[in-house]
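I have placed the structure first, in the form of structure tokens, so that the comments after it can refer back to it.
Each reported figure results from applying straightforward, stated rules to the coordinates on display, with no laboratory input. Remember, predicted model here, so these are calculated numbers, not experimental data. Heads up, the Cβs are rebuilt from the backbone with ideal geometry, glycines too, and the neighbour counts pull from every protein chain shown.
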Amino acid sequence: MSDGPLIVQSDQTLLLETAHPEAERCRAEIAPFTELERSPEHVHTYRLTPLALWNARAAGQDAERVVDALLRWSRYPVPQALLVDVAETMARYGRLSLEVHPVHGLVMRTTDRAVLEEVVRAKAVAPLLGPRIDAETVSVPGSERGRLKQALLKVGWPAEDRAGYVDGASYPVLVRGPEAFSLRTYQKEAVEAFGAAGSGVVVLPCGAGKTLVGIGAMAAAGAHALVLVTNTVAARQWRAELLARTYLAEAEVGEYSGEKKEIRPVTVATYQILTARRGSLYPHMELLSAEDWGLIVYDEVHLLPAPVFRMTADIQSRRRLGLTATLVREDGREGDVFSLIGPKRYDAPWRDIEAQGWIAPALCTEVRVTLGDEERMAYALAENEERYRVGATARSKLAVVERLCAEAVVRGEPVLVIGQYLDQLDEIGRRLGAPVLTGKTPTRERERLFGAFRRGEIPVLVVSKVANFSVDLPEASVAVQVSGTFGSRQEEAQRLGRVLRPKADGRQARFFAVVSRDTNDQEFAARRQRFLAEQGYSYRIADAEAVAWPA
Amino acid sequence: MAPFPSSTGRIEAPGHWLEALVAASSDELGSLLRARPDLAFSGPKDLAHLAAMMVSPASAAMYFEGANRAARQVLEALCALPVPVTATFLAGALGCSPEALSSLLQPLATAGMVLRRGDELTVNPGLAHTVDWPCHLGPPAAKLLGQRTSGELARIAGRLGVPANGNKDGLLRRLTSALSDRELLSSLLAGAPATVLELVESAAHIWPNYHVSYGVAAASGRDEHPVGWCLQRGLLVGTDYSTAVMPREVAMALRGGRLFPSFSPYPPELVTSPVDQGDVDGDAAHTALDLLKSVRVLCEAWGSAPAKLLQAGGVGAREVRRAAKLLARDEEVAARLIELAGMAGLVAADETLAQAAPTAEYDTWKGLSSVEQWAELASAWLMAPGHPSVAGSRDEDDKLVPPLEERELSASAVVERALVVDVLAGAGPGRRVDVQSAAAMVGWLRPSTWESEEASSEEVVQWVFEEAAMLGLCARGASSSFGRAIAGGDTEGAKKLLAELAPAVVDTVILQADFTATATGEPVPALRSELDLLADVESSGNATVWRFSEASLRRGFEAGRRAADIQEFLASRAPSGVPQALSYLVDDLGRRYGRVRVGKASSYVRSEDPSLLSEVLRDRRLANLRLRSLVPTVMVSERPSEEVRDALAKAGYLPASETAEGTLVLTRPAVVRARSPLAPRSELEGGGEGPPDYGPDQLSELLGLLDDLKDPGETDEELLEEVLGDPDLLGSLTGLPADLARLLVMMSRDDAPSSDQDLDALVEKLRSTPLASAAPFPARAGKGAPGLAMGAGGHPGHPSLFDGGTPR
């Protein structure tokens, strides 16, 4: 019996013992064809999913190598049924391909006639096809390229898209010298992997410099480029980065948002404006076809809204780059990302990057506050929909928030206090004498506050959930979360991203979540705890009276 | 030598059989006793006694039962052919070479079934009663026609063109010779109508008897009727009112002198193909352990929610579907699995409660290691008096047979299974066995087992293959190493082999901050059961992953664990340490658990903390409970206490139940147990070596027969001893194949010789005991062995049972 680091379960999960001397080599081999489900301190769980296997297949791996890896690293005999399943699943990718025929234009071709016969009869597929050309080929209307790929994935025969891309209007994007723009090894690999494929997703953790990968891809494409981001602040940051890292002039980089409607050779637009509706129409969606874009970058592709997917289906001949920290979507539409943006092209192991010092490891502490009698009564009496707010905004939390902030200030660590309820945030701001930044804060004021915080002029900044997405606060090494209902996986990733940026001096980031004991605030905390622990963060629970500065 | 039994109630062997024994060497006697163990078990007093038993119908029949097709055909042929028979003649009648025949005769001679004197062969006279219609042939013409009047014979002779003059004996001889004449018969039949040819064909080749519903006599006068046509020419002879039989000579002539349409001295070819034994073992270990998991899941599920029984008994399709879903297996497989668990005594149908649930035996089994659990299941299967796959199959009316339905015990299933398993295991390591050829092989090995079976033998063979695969005795159509071991009776060896393939046994877990506990192998039972209590299984297989939650830990507190107990357990089982968050959670729950207490009798809620109680009282989520306050620390509800407790728990109060005295009630989730139909099996504790211990009590229960047989004044033990002393009687009474009867006899006798030393000692005793007289034979008048009608005539010459044996 081999003594490998991997245990293969028949429910398609793979358990990797990280303390095993061979664990790293094993991880490097299995990561490309699995999804990392959780990576707590000792045993990491990977899952074999069809999408993960197809991603691997698209990256040129074959079933034999996957089976080999499983057999080589497995400690116990691998269930035969699982190996058969892996081989069968992988064999489904690429039986069908989309190609350009010299006479008929876009066609779907097969190496396996039976598969073609099966799919042309599938209800979801048939309406997307044109006339049959021969036993192995059927023509496809160009406009259906994306929808056809979606439908084929759904029936379990994902097609390989070899139909190529239009180059778009040529436009050189020149990057500045090494002091302003230099790519780390993994970023370079990501740019190259994407460039070779033409479309697909690059997965990098928060703080690993996805923006730079995007700029690198633009430079390589040398064409008109459209960048889609989650909100205006993020758009401004992208713009600032583009101006700082490249020789593009102000006038060459446009912002297309609620406030400005500029269309320039390089344009940064928000999902918000694209999906803004007038009646049943999306008037701004035309932006996607307004220019002869040579590259479209989708930032935070896991948040891509459904209408943008629909539009993306129509522009399958343009190069598309998805950037994200996670392929997991709360809405389960990972398959659409695969079909419409493209397969995963690069996936840097988070822990490797952390080990290289690009990301600061974070210490997480949940601080439990015992509510006073009155607060408990108020909580018990509250209506269901009010109950969370009553628990989460309990005044008993304020003392410990103050104490943590004071401790951080003494230590010279900039603090972000994050919360959901404005009353609560205002009160904290008053008590701490700290500025409060919310959705109502004008953009200019926001940028000013961020700037001051970055420069260390403001030691404590209180922010609402607007801070969750794509703002860059490089010097925040401590985050205190006082409220937040969501407990969703991305939100946690985002919040932690705030404090995960690399610190100049290699200090440890600290994340505190202050929760009210015996309320549903605590239930949400339990979910957060699970998520963070699964991501491998150190996680402690402490009583408010006994909380110590984690070392 | 006089035929037996003698007037004194003793059975004596014809002299030359005894002479052969007297002349035999010790080795030869030893071989005889090994080939026919029943002779040794019945405790022969001396060689005369042994000889008498050797030719007794019971013992001869037992050998015939267990013989393979070729041996049976040889024995049948010897019964059918007129004496004296030479080996050369026999070879001709069988259609095989004398050399091939001699390889078949050798073991028959060793076993005392054939006596060789010079070139002459004599078949064991005891067989005459077993083989009624040897080779499907009727009685000799002389015997049949001898019953008819001379007038009738003369008429037949007339039709055959045989002179009808002279005395009856002469006429009989002439008729016999005419009916044996192939040419005469073919010219006779050349002019016969097609219906006659059809009838003759069937009587000659398939079965010699013909049933004439309106009477043979009525038919005999009508030449236009095919039966009448044959009767008038002696091709059929009436034996009673409605039966006509074809004389042996006629059928032999029509068969062209061949006794069997096909005869081969060799077994059919077993088709096998190579397969990697390592792959086989890996897969087999997987399925074996998977099966255990399924059985545990099923039993745990039925323990809290028993399956309802059908009115007619058994677990209905709906419950089977539920189980299939639970186990993520096909319904057919789920039914089979339930039946198997029933056969192993782990689940049972309780008719009075109309439900099926795990037995107390399951609790013992659950505490065993996986390897032990597997050995229990596999041993139970090997000895199960029925095929688990009957459950879930379709009966004659195309209805699904429900599992755990009361069915007749089918002892032949044990033999059938053993045969198939032997063939499968016998193919050796790395050989995949073709099912169809295995079916042909087991048919050849023991024709008697399969002829009586309702289900076709191929179906049964397929079942056994599938069941063996489910248990991991085979995989990919080839036997596993541990499967071969347990099939060969080496249970300990099998366990060792499986243990090497199974995940390592671990007594520790890895605890992580995401509240999971991971056992990277097979957890020891104590670890598994405690974690099952404190956490929920998230993934199982080679490794097991549990997850702790407030709800799961609450189960622990409800079962009486204190926070300190849980901490200690976790610390002692987790070498990598207990994550602070988990430790905190346990302490926090321990602190809060029981702060709210719920009483059952009057359903009250009380707490030392008045404000907490008034909080509870005014909690909108608990409005349904209609709580009212009695004193600041006590309130009551109209709702049942369980509902109150659950609602409080759901609202996050962690209530504890308490007794009238105010002490905490420890509760576990209610589990149901059914009474096992089998008494607890001793080897559950003892490691289970060898066949299960069927003591006299169990036998009587199993067979349920003894009361009817009991003579006045006889004790149970005496009666049982008597029945067990006579496998044939036992077999005929119970319908058990003689083989199984023999097995039971063997197992019931403490003094039965089992080792080679025992046998050698017996042989020496027999050889040294003077032949005082024929020893009494335990024949049971009236109830027992059928009387004997045929003895072998005395023959000159030196009898020799053994090849190359010379008279001494």
> Which links in A:K188/A:K465; A:K397/B:K650; A:K210/A:K261; B:K325/B:K496; A:K397/A:K440; A:K154/B:K650 stretch past 31 Å when you go from one Cα to the other?
Replying inline: A:K188/A:K465; B:K325/B:K496; A:K154/B:K650
> Under 30 Å from the Cα of B:K45, which lysines turn up, not counting those fewer than eight places away in the same chain?
Replying inline: B:K710, B:K765, B:K783
>> Can you order the peptides B:510-516, B:641-647, B:81-87 by their average number of other Cβ atoms within 10 Å per residue, highest first?
In response: B:510-516, B:641-647, B:81-87
> Given a cut-off of under 8 Å on Cα pairs at least six residues apart, what relative contact order in percent is computed for segment B:347-410?
Replying inline: 22 percent
> For segment A:127-236, which GluC sites (Glu not before Pro) are both in a DSSP coil and crowded by at most 16 other Cβ atoms within 10 Å?
Replying inline: A:E136, A:E179
>> Past the 20 angstrom mark, what percentage of all C-alpha to C-alpha distances in segment A:96-161 do you count?
In response: 11 percent
> For A:Y76, which sequence-distant residues (separation of 5 or more, or a different chain) have an amide H within less than 5 Å of its own amide H, given hydrogens modelled in the peptide plane?
Replying inline: A:V8
> What does the charge add up to near A:S139, with Lys and Arg as +1, Asp and Glu as -1, over the other residues with Cβ less than 13 Å from its Cβ?
Replying inline: -1
>> Need one number: convex hull volume per residue for segment B:505-578, Cα atoms only, in Å³.
In response: 76 Å³
> What are the ³J(HN,Hα) values, in whole Hz, obtained from phi via the Karplus relation 6.51 cos²θ - 1.76 cosθ + 1.60 with θ = phi - 60°, for each residue of segment B:517-524 in sequence order, with x given for Gly and Pro?
Replying inline: 10, 10, 9, 8, x, 8, x, 5
>> Check which residues have an amide H placed less than 5 Å from A:E366's amide H, if you skip close sequence neighbours.
In response: A:A513, A:R540, A:I541, A:A542
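What net charge is computed for the residues neighbouring A:R264, neighbours being all others with C-beta under 12 Å from the C-beta of A:R264, Lys and Arg scored +1, Asp and Glu -1?
Once all neighbours under 12 Å are counted, the net charge is -2.
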>> Just to be sure I understand: of the beta bridges DSSP finds with both ends in chain A, what percent are antiparallel, rounded to 5?
In response: 30 percent
> Between rounded, prolate and oblate, where does segment A:185-354 land on the alpha carbon gyration tensor, with a ≥ b ≥ c its root eigenvalues, rounded for a/c under 1.5, else prolate if a/b exceeds b/c?
Replying inline: oblate
>> Taking every pair of distinct Cα atoms and averaging 1/r, then inverting, what Kirkwood hydrodynamic radius in Å comes out for chain A?
In response: 25.3 Å
> Say a paramagnetic label sat at a point 7 Å from the Cα of A:S143, along Cα to Cβ; which residues of segment A:296-331 have their backbone N under 20 Å from it?
Replying inline: A:307-318
> At q = 0.16, 0.22, 0.24, 0.33 Å⁻¹, what is the log10 ratio I(q)/I(0) for segment B:368-411, with the Debye formula run over Cα points and no solvent?
Replying inline: -0.54, -0.80, -0.86, -1.11
> Based on DSSP, what percent of beta bridges with both residues in segment A:185-354 are antiparallel, to the nearest 5?
Replying inline: 5 percent
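Nearest 0.05, what FRET efficiency do A:E385 and A:W549 give at R0 = 45 Å with Cβ-Cβ as r?
0.75
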> What Kirkwood hydrodynamic radius do you get for segment B:433-570 when you take the inverse of the mean 1/r over all pairs of distinct Cα atoms, in Å?
Replying inline: 18.5 Å
> Mind ordering B:484-496, A:430-442 by average Cβ neighbours within 10 Å, highest first?
Replying inline: B:484-496, A:430-442
>> Taking the alpha-carbon distance from A:K149 and a cut-off under 18 Å, which lysines remain once sequence neighbours fewer than 8 residues away in the same chain are dropped?
In response: A:K123, A:K344
> Around B:T243, which amide H atoms from residues at least 5 apart in sequence, or from another chain, sit under 5 Å from its own amide H, with H modelled in the peptide plane?
Replying inline: B:V212, B:V216
>> For peptide B:611-619, what's the mean number of Cβ atoms from other chains within 10 Å of each residue's Cβ?
In response: 3
> Out of B:G158, B:V250, B:T195, whose Cα points farthest toward the positive end of the dipole of segment B:141-254 (charges: +1 Lys, Arg; -1 Asp, Glu; placed on Cβ)?
Replying inline: B:G158
> In the neighborhood of B:P579, defined by Cβ-to-Cβ distances under 10 Å, what is the net charge if each Lys or Arg adds +1 and each Asp or Glu adds -1?
Replying inline: -1
> Can you list the HN-Hα couplings for segment B:322-330, worked out from phi with the Karplus curve (6.51, -1.76, 1.60; θ = phi - 60°), rounded to whole Hz and with x for Gly and Pro?
Replying inline: 4, 5, 4, 5, 4, 8, 6, 10, 5
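Which whole-number percent is the relative contact order of segment A:185-354 (Cα, under 8 Å, 6+ apart)?
Values: 297 pairs, mean separation 56.5, N = 170.
RCO, segment A:185-354: 33 percent.
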>> Of all beta bridges DSSP finds with both residues in segment B:595-658, what is the antiparallel percent, to the nearest 5?
In response: 65 percent
